[in-house]
């Protein structure tokens, strides 16, 4: 009798969380190319950043920024290279040795909310009542804040809200997504990202990203990820703080301190 029970037993498999389902959809992206215009407003100042992005799985990335300053990031699957126009040195390290925001950029998929979802999918999920728009909602507790995902019936991520606590009484920031493009089963890429975050001291920052010329799962030339094609006569260092050593800006700072 016991043997029959054991043979007929089935393992209990936990249903994927909303964050896991959304991540799974974006992870179907094999390659992506687009242009991104990001506008940030904080402290009465507006900064616009324009970039061209090429991405290919796994860990191949090329970001060329033309405004407000010229910068370029390339990942060739093994190594990251970064250089800003006018800087004496570039920054380079093996991708496996990266930490912090640099490591996050190696895991992220451009033009998607993956930068936030990757931090949530490993956390326990708290199911929440549907929103006023009928959206499916789920909460995730983290250090000092409670994140809430809202998705519609088609699996499109509509909003990520951040609260000071699970009581959801104090909203500290949010991202809203719209103008979606279907890029595969369960994969909806928003071409409009709008964010607002509260800063210490009562100030806030608002950010808008507009994604244009989006192409998904189309071939991307290997040369786009070949650093030697774009960084001629650039000396790279493994410490990002050294990239401005000896520059005019650094010399002026030293003179001011003296």
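The values are calculated or read from the model by the stated rules, or taken from the named source; none is laboratory data. Bear in mind the structure is a predicted one, so any value in this text is a computation, not a measurement. Here Cβ is always computed from backbone atoms with ideal geometry, including for glycine, and neighbour counts include all displayed protein chains.
Pairs linking a residue in the stretch 232-258 that is farther than 24 Å from residue 97 by Cα to a residue that is part of a loop (DSSP other than H, G, I, E, B) and at pLDDT 90 or above, with Cβ atoms under 7 Å and 6 or more positions apart or on different chains, are 246/88; 247/87; 247/88. Screening 88, 101 for residues that are under 16 Å from the mean Cα position of the chain (by Cα), surrounded by fewer than 19 Cβ atoms within 10 Å (Cβ to Cβ) and either modelled with pLDDT under 95 or part of a strand (DSSP E or B) (or both) leaves exactly one candidate, 101.
Taking the stated definitions as given, is residue 242 at pLDDT 95 or above and either in a strand (DSSP E or B) or over 30 Å from residue 144 (Cα atoms) (or both)? No; evaluated as a whole, the condition is false for this residue. Scanning the stretch 165-186 for residues that are part of a loop (DSSP other than H, G, I, E, B), touching a strand residue (DSSP E or B) at 6+ places or on another chain (Cβ under 6 Å) and farther than 20 Å from residue 130 by Cα yields nothing. Tell me whether the stretch 116-135 contains one or more residues that are over 20 Å from residue 16 (Cβ atoms), surrounded by 16 or more Cβ atoms within 10 Å (Cβ to Cβ), touching a strand residue (DSSP E or B) at 6+ places or on another chain (Cβ under 8 Å) and touching a residue at least 60 places away in the same chain (Cβ under 8 Å). Within the stretch 116-135, not a single residue is over 20 Å from residue 16 (Cβ atoms), surrounded by 16 or more Cβ atoms within 10 Å (Cβ to Cβ), touching a strand residue (DSSP E or B) at 6+ places or on another chain (Cβ under 8 Å) and touching a residue at least 60 places away in the same chain (Cβ under 8 Å).
Filter the stretch 67-85 down to the residues that are farther than 29 Å from residue 23 by Cα and surrounded by 14 or more Cβ atoms within 10 Å (Cβ to Cβ) and list them by number. Scanning the stretch 67-85 gives 83, 84.
For the criterion of being on the phi < 0 side of the Ramachandran plot, modelled with pLDDT of 95 or more and either touching a helix residue (DSSP H, G or I) at 6+ places or on another chain (Cβ under 8 Å) or assigned to a helix (DSSP H, G or I) (or both), residue 123 fails. The set of residues from the stretch 187-203 being surrounded by 14 or more Cβ atoms within 10 Å (Cβ to Cβ) and either closer than 30 Å to residue 44 by Cα or in contact with a strand residue (DSSP E or B) (Cβ under 6 Å, 6 or more places away or on another chain) (or both) comprises 188, 189, 190, 191, 193, 194, 195, 196, 197, 198.
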